[in-house]
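The values are calculated or read from the model by the stated rules, or taken from the named source; none is laboratory data. Please read all numbers here as calculations on a predicted model, not as lab measurements. Cβ placement follows ideal geometry from the backbone for every residue including glycine, while neighbour counts extend to all protein chains displayed.
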Amino acid sequence: MPERDARVQTLATGDATAVFPVEGHALFATVDESLVWIDGLGTQTQVRAVGPDLYSALRLSDQSLLLATDEGLLSWTEILSPSTLGLDGVQQLGWQGQSLYLGGPGGLRRWKFGELEELQGEEALTGPFATGGTLGGAPVLWASGEGELLALGEPNWKVWDQLQTDTPPEALAVDGSGAVVVALDGLVLRGVEGKWKAWKLPSRVERVLAHPDANGVYLAAVDALYWMDGEEFSALTVPEGVFMPEGAAAVDQRGGLLMRGHAGVIRMEVEHSVGIVGIHGGEELAGTRLVTLLASEPEALKSLSGTVDGAAISVVDNTVLLDPAGLTVGQPHDLQVKGSWGEEEAEVLLQFGVALPDTATWSEHIRPLYQDHCEKCHGGSTETILRERQDWIDEIDPILDEVRAARMPLGGPALTATQIALIQVWKDGGFPE
Ligand code: HEC
């Protein structure tokens, strides 16, 4: 088997006993017995001096996180104030569509629209599961139990594919193409559209690690680490101070393998990647936001460029200033970033929304809008004068009518829905200065 080089980076030093990535580039880890939060830029915050044993972590919304621990499920509505939800026996968390999946010795449960239900095959589904799979283009959840491996999908968690097994699978994960990779009885299986292929590797694989947003799969054995890209295998060198196979803990959204051991928290990356820190998918921007771009091997990076909805934006010192002004409210916007290292390229796409501020003021919102779009005519040369705040108050209804009908600004381009909504918010708030 060919060897492959990987880049290795130490994210925290100490004795790391658990590590789990949360959406984006942040992660939780237990280092020297305390639970720490490491943000995408490497800043560490201690969450608890004596951590619980961490099994899994998941971001639920902008503000809230869920942790599966040996003390039960913990929710961090604010990261530093835990409250126990008291669902015992949960070791694995996964998010797919509108549902939160909770797996472990207690069976597979689904939390959807405020209701908790148990999912059962012929045998209880107490084994590992993986979200992010697809079959015929439709999303499926791969779940396992004593003697079966099931692809569950809509409608109503119908069984779309099924594999009877003699032993329960040890581990499974979905790769970036939607295929499932399973460690089962000393073999590695890959399932694509109901067709299975099996391989026997030099060492018995016990952990399968991948992220549905990233390319490739890491396969961990007691004394070896493999990289699987489609149907190609290569061998990677295990960094010193990592106990295998449990030390290979999880794969983050950029496709990096997070590892733990005496050497601390280690991130290993086979292919180049770029990432976005400071905004996460689905977030709504209410004002300008400085976003940091991460790129692997910065010394070798040839270029880093970005677009919003296809239009180039400027990247200065690995940062981008996102400005929601001029972007429509109520539809998703694409932030795309590309990195190039000469031969290799990587890109990442993130969708965000635009939120209206709760209040708008004359000085911060309306006057600048007037200066940019109305002043050249309404500053004195037309019959209607709109120079002062009081002029706007007097004319507010005609103004809203004109801009909504796109008759103003005369000769176009029309104001965006966000700009029009801002004028309305200013009016509704009593025209604050
Ligand atoms: C290219 C020149 C131009 C620009 C730019 C422009 N306007 Fe006008 N606008 C006019 C002209 C010309 C009229 C008709 C004469 C008048 O009422 O002053 C007019 C009329 C109006 C009227 C009165 C309509 C009525 O019948 O009561 C309003 C209100 C108005 N504009 C608002 C705006 C606002 C708000 C902007 C900026 C978002 C804007 N205009 C930008 C040229 C312009």
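Take the residues in region 1-38 that are hydroxyl-bearing (S, T, Y) and closer than 24 Å to Q91 by Cα; name whichever of them is nearest to the chain's Cα centre (by Cα). So the residue we want is T30.
The set of residues from region 36-70 being surrounded by 13 or more Cβ atoms within 10 Å (Cβ to Cβ), farther than 29 Å from A295 by Cβ and either in contact with a helix residue (DSSP H, G or I) (Cβ under 7 Å, 6 or more places away or on another chain) or among the β-branched types (V, I, T) (or both) comprises just one member, T69. Within 25 Å of T288 (Cβ to Cβ) and either outside any helix (DSSP H, G or I) or assigned by TED's automatic domain parsing to the domain that holds E284 (or both): which single residue out of A421, A414 fits that description? Criteria check complete, one pass: A414. Selection of region 376-399 for residues being surrounded by 15 or more Cβ atoms within 10 Å (Cβ to Cβ) and within 11 Å of the ligand (Cβ to nearest atom) yields C377, H378, L386, D391, W392, E395, I396, I399. The residue of region 347-375 that is farthest from the ligand (Cβ to nearest atom), among those that are in a strand (DSSP E or B) and exposed (fewer than 15 other Cβ atoms within 10 Å of the Cβ), is E347. Residue count for region 12-35, restricted to those that are buried (at least 21 other Cβ atoms within 10 Å of the Cβ) and either outside the structural domain of L65 (by TED's automatic domain parsing) or assigned to a strand (DSSP E or B) (or both): 11. Candidates in region 300-333 are the residues that are outside any strand (DSSP E or B) and aliphatic (A, V, I, L, M); of these, the one that is farthest from V277 (Cα to Cα) is V329.
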